[in-house]
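Nothing in this text is a laboratory measurement; each read-out follows from the coordinates by a stated rule. Computed from a prediction, not measured in an experiment: that's the story for all the values here. As a convention, Cβ positions derive from the backbone with ideal geometry for all residues, glycine included, and neighbour counts pool all protein chains shown.
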Amino acid sequence: MNERLQKILARAGHGSRRGAEALISGGRVRVNGIVVSELGAQADADLDRIEVDGVAIATASAHIYLAMNKPAGILTTVTDPENRRTVIDILPPGLPPHVFPIGRLDRDTEGLLLFTNDGEFAHRMAHPRYEIDKEYVALIHGMIEQAALDELRTGVMIEGKPTAPATVEPSRAPEGYATPTGHMWLRLVIHEGRKRQIRLMCGSVGHPVKTLVRTRISGVTLARLARGKTRVLSPREVGDLRAQVGLTS
C-alpha cells in the first residue's frame, strides 16, 4: 500500500514526520535507488527499497521492542556532545539499526526504559493523550504525613502548573535497596511525562527524593531484570501496548 514517504520514515524510527521531511528535502532518501526530494512522494514499504544515507530502513517485520533496567548515572539520549555514557552504550550488540529510547529517565533516575525502532509506536507511547501509566518507587527524606499524601494524590503545583491526580502510597523498599534512617519509600503512579516530575512533586511537599526507580510502564514491569540489562518484550506485552495506543496491526 502506498503511503507518504515521511510517514514511512517516521514509523521506521527516523525521527518525527517533520524530521523525516528534512531528510527527504535534503536529498538523503532513495526509493529503489532513485533520490526522492519531493515531500508529496509516496512509496510502498512492503515492496519498495527505501534507504536513508544508503542504509535500508527497518520494515515492520524488523521492528524490535526492548525493556532496559537503566542504572543511575547514565544519560537517556542517543548521543552526547560531552561523550558521557548513554543508554545506547549499554544496549546489547547485534540489534537492528535506529533503536532509540521511548521517552526518558533523568540521569540519576533508575529503572524501566523502553526502546524501539518503531517510530509511530514511540510517538504514541510518549503522547499524553494515551495516558500511559508509569509507576515509580521513591526514597524520600523524612516521614510523610497524611496531608502531604493527599496533596500529592489530588495534584500539586510544579513550575506554575498543577499535576494530574496520581496514586501515591507508602511502600516497602524494592528488592536490593535499603531504607536509611529518617527516610521512607513511596509508590507513585502517574500518566504525565513532565521533566523531573516525581522529584518536583515530592519536593513541593517538603520531602526531597534521594533515590528514584521506575518499576512499571503500563503492563510492562522490571520484574527481576538486573541493572544495566535489556530484554526483548514478549509478543503479548507488545500487543497490549500497541492496542493501548490505538495500533492494532
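Only loop residues by DSSP count here, and only those with at most 12 other Cβ atoms within 10 Å; note down the GluC sites (Glu not before Pro) in segment 13-113 that meet that. Present the calculation step by step, with values, prior to reporting the outcome.
Working: sites: E21, E38, E51, E82, E110; in loops: E38, E82.
Counting only loop positions with at most 12 other Cβ atoms within 10 Å, the GluC sites (Glu not before Pro) in segment 13-113 are E38, E82.
Which residue, G103, V168, A67, has the largest displacement toward the positive end of the dipole of the chain when charges sit on each Cβ (Lys, Arg +1; Asp, Glu -1)?
Sorting the options by dipole projection puts first V168.
Under 1.5 on a/c is rounded, so check that first for segment 2-59, then, if it is not, pick prolate when a/b is larger than b/c and oblate when it is not; a ≥ b ≥ c are the square roots of the alpha carbon gyration tensor eigenvalues.
Details: a/c = 1.23, a/b = 1.11, b/c = 1.11.
Rounded.
What residue among A166, A12, A56 has the largest mean-square fluctuation in a Gaussian network model of the chain, using Cα springs under 10 Å?
A56
How much mean residue ellipticity at 222 nm does the chain get from its helices, if each DSSP H run of length 4 or more adds -39500 (n - 2.57) and you divide by all residues, to the nearest 500 deg cm²/dmol?
On the way: 6 runs with 51 residues, N = 249.
So the helix-based figure for the chain works out to -5500 deg cm²/dmol.
Which log10 I(q)/I(0) values, to two decimals, does the chain give at q = 0.08, 0.13 Å⁻¹ under the Debye formula with one point per Cα?
-0.37, -0.86
By the scheme Lys and Arg +1, Asp and Glu -1, what is the net charge of all other residues having a beta-carbon under 13 Å from that of P92?
Details: positive: K229, R231; negative: D89.
Around P92, the charge tally is +1.
Does segment 103-150 come out rounded, prolate or oblate by the C-alpha gyration tensor, with a ≥ b ≥ c the root eigenvalues, rounded set by a/c under 1.5 and, if not, prolate when a/b is larger than b/c and oblate if not?
oblate
Using a ≥ b ≥ c from the Cα gyration tensor of segment 74-118 (square roots of the eigenvalues), is it rounded, prolate or oblate, where a/c under 1.5 gives rounded and otherwise the larger of a/b and b/c decides, a/b for prolate?
Values: a/c = 1.80, a/b = 1.26, b/c = 1.42.
Verdict is oblate for segment 74-118.
Please count, across the chain, the pairs of lysine residues with Cα atoms under 28 Å apart that sit 8 or more places apart or on different chains.
15
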